[in-house]
Amino acid sequence: MSTSKSSSASKKREVKVARRAPAGEAPPPMSPVPPPRALLDFMMTGWQERARRREQPMKGVEEFRARRKALSARFPGDVIVVPTGHEKVRANDTNYRFRPGSNFFYLVGNPEPDCVLLMLPRPKGGHRSLLFVEPEVDRSTPAFYTDRARGALWVGARLGIEGSKLRYGVDEATPLDALQDALLHLRAGNAKVRVVRGLSELVDNSLRASSESTQDAELALALAELRAVKSPAEVTSLVRAIAATKTALEEVIATMRHAKSERELEAVFDARCRIEGAGVGFATIAAAGADATVLHWTRNDQRLPKGKLVLMDCGAEADDLYSADISRTLPLSGKFSPEQRELYDLVIAAQDAAIAAVKPGAYFAEPHHAATRVLVEGLVRLGILRETAEEALRLDRLTYKRYTLHTVSHMLGLDVHDCEPLPYRAARLAPGMVLTIEPGLYFQSDDLTVPARFRGIGIRVEEDVLVTATGRRNLSAQIPRSSRDVERWIAQVWRQRRA
């Protein structure tokens with residue numbers, strides 16, 4: 001390349017920087033801050049009168065009261081502080097869409113940011129629930145226009161003080177501005193204060209816990225225990241989220257016929273979840289081909305390889321924040337190859353054994369052990385594990401984990417990995433618990449211990465299962481699962497979309 005051409009090209013690439021006004025030349029005027037009185041007067045007048053409706057209690061308000069009452073009974077005489085958290089910055093001056101803290105939402109049902117629930121012990125027993133909320137910043141005050149963070153003109157209306165009290169059934173609602181004084185008063189008092197931490201810097205700093213104290217951990221554990229057993233209303237919410245997940249997976253199947261990348265499958269799944277509910281409960285995994293052997297593949301940026309499988313680990317979140325967690329491994333061609341089917345059917349056999357082990361009184365780990373036994377015996381049969389199943393399962397060997405990677409279950413509810421403070425992995429199952437059953441096999445592309453025909457295949461199938469009084473109920477049974485049913489499902493969706 002000649003020097004003159006290079007110099008010319010470099011000049012074309014120069015970035016023009018905004019020119020500063022020469023000395024003595026005034027820059028173009030911008031709006032003054034604060035706004036002039038004339039503008040404020042103009043903004044405060046000329047609006048059509050709005051009929052103010054009295055807020056009604058939300059659906060299920062009695063269940064939220066019952067939850068607060070159950071928590072109150074755990075800690076008589078103690079003060080309980082549960083914040084919901086705040087909006088988080090995504091980039092510069094833009095935030096992620098707010099999602100309330102799960103414990104706060106479980107007790108109140110309020111989706112707004114910044115709120116705090118304060119439960120104060122009554123002299124004769126029980127607690128009084130005090131909810132700190134943002135006051136309504138409406139057209140009765142210039143702040144509806146001047147406050148870009150809270151003003152209704154910028155962020156929409158909030159329920160305010162009286163509306164929050166009526167809707168959420170709390171004993172009292174009060175402005176957020178009063179929170180700091182209330183926290184300082186608690187710190188100066190003698191009552192034992194238990195706090196849900198990590199969501200509000202103001203709360204954490206105002207009510208510091210001593211390093212020896214276990215009272216906050218005891219509160220977190222109590223909330224996890226309460227949330228572990230789902231009410232009929234909570235199960236209905238999970239079923240609704242699972243149904244939305246099935247609908248979204250059918251969008252994925254329809255798109256598979258012409259999609260070029262994993263990103264397209266993620267996009268259609270996430271869009272349908274947003275249409276059907278609050279959105280997705282966690283980052284969607286759309287892992288095609290060898291990407292499915294990466295357990296937490298969320299980049300979803302690779303092209304779809306012909307004739308391979310795509311592993312969708314995904315879940316819709318219902319409007320009331322209960323999340324599904326479903327995995328389906330789908331043949332992009334619509335049909336499993338013989339090698340894919342052999343491995344897929346082994347995973348399904350393991351899952352069947354795990355589901356059968358779900359029953360009240362069983363240890364949480366029993367479904368995992370049942371699935372693992374089937375997988376290990378299958379790996380031995382395929383010649384991948386060159387030892388007996390008993391040897392591979394020994395605690396001083398566990399060689400099978402090279403291909404299975406993870407345990408089979410976790411709890412499910414408001415959080416996709418629900419009730420984590422609860423040591424449930426060593427506990428027994430009880431009616432009302434909901435857990436996932438998700439065995440998998442993962443053969444890396446460069447794994448020389450695996451026959452070449454299986455390398456680069458990753459398969460996971462996941463169900464959401466409710467423990468009942470007599471056994472179990474597969475809440476996701478309506479989503480096709482066996483290899484034959486999956487093939488029929490794909491063919492049906494493609495047929496319907498052609499019509």
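The values are calculated or read from the model by the stated rules, or taken from the named source; none is laboratory data. Quantities reported herein were computed from a predicted structural model and do not represent experimental measurements. Using ideal geometry, Cβ is built from the backbone for each residue, glycine included, and neighbour counts are taken over all protein chains shown. Ligands, DNA and RNA are excluded from the accessible area calculation, which covers all protein heavy atoms including side chains. Shrake-Rupley method; radii C 1.70, N 1.55, O 1.52, S 1.80 Å.
Laid out as a table, the results:
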| quantity | calculated |
| --- | --- |
| Amide H contacts of V280 (H built 1.01 Å from N, under 5 Å, at least 5 apart or other chain) | E317 |
| Order by protection proxy (mean Cβ within 10 Å, highest first), peptides 319-329, 219-229, 92-102 | 319-329, 219-229, 92-102 |
| Label-to-label distance, nm, for residues given as R386 and A233 (7 Å Cα→Cβ offset) | 6.0 |
| In Å², nearest 10: area of S337 left accessible to a 1.4 Å probe | 30 |
| Heavy-atom accessible surface of the chain: percent carbon and sulfur, 1.4 Å | 53 |
| Prolate/oblate/rounded call for the chain, Cα gyration tensor, a/c under 1.5 rounded | oblate |
| Interchain or long-range residues, amide H under 5 Å from F364's placed H | A427, R428, L429 |
| Mean Cα-pair separation over length for the range 337-415, i.e. relative contact order, pairs under 8 Å, 6 or more apart, % | 23 |
| Per-pair calculated FRET efficiency, R0 = 35 Å: D181 and L398 via Cβ, rounded to 0.05 | 0.05 |
| Normalised contact order of the chain, rounded percent, pairs of Cα under 8 Å and 6 or more residues apart | 12 |
| Links that overshoot a 32 Å alpha carbon limit, given the list K335/K359; K359/K401; K192/K359; K59/K124 | K335/K359; K192/K359 |
| Using a Förster distance of 35 Å, the FRET efficiency for R97-H369 (Cβ separation, nearest 0.05) | 0.30 |
| Relative contact order %, the range 240-282, counting alpha carbon pairs below 8 Å whose residues are six or more apart | 41 |
| Solvent-accessible area per residue, Å², over the chain with all protein chains present [probe radius 1.4 Å] | 52 |
| Length released on extending from D171 to A477, taking residue separation times 0.36 nm less the Cα-Cα span | 106.0 nm |
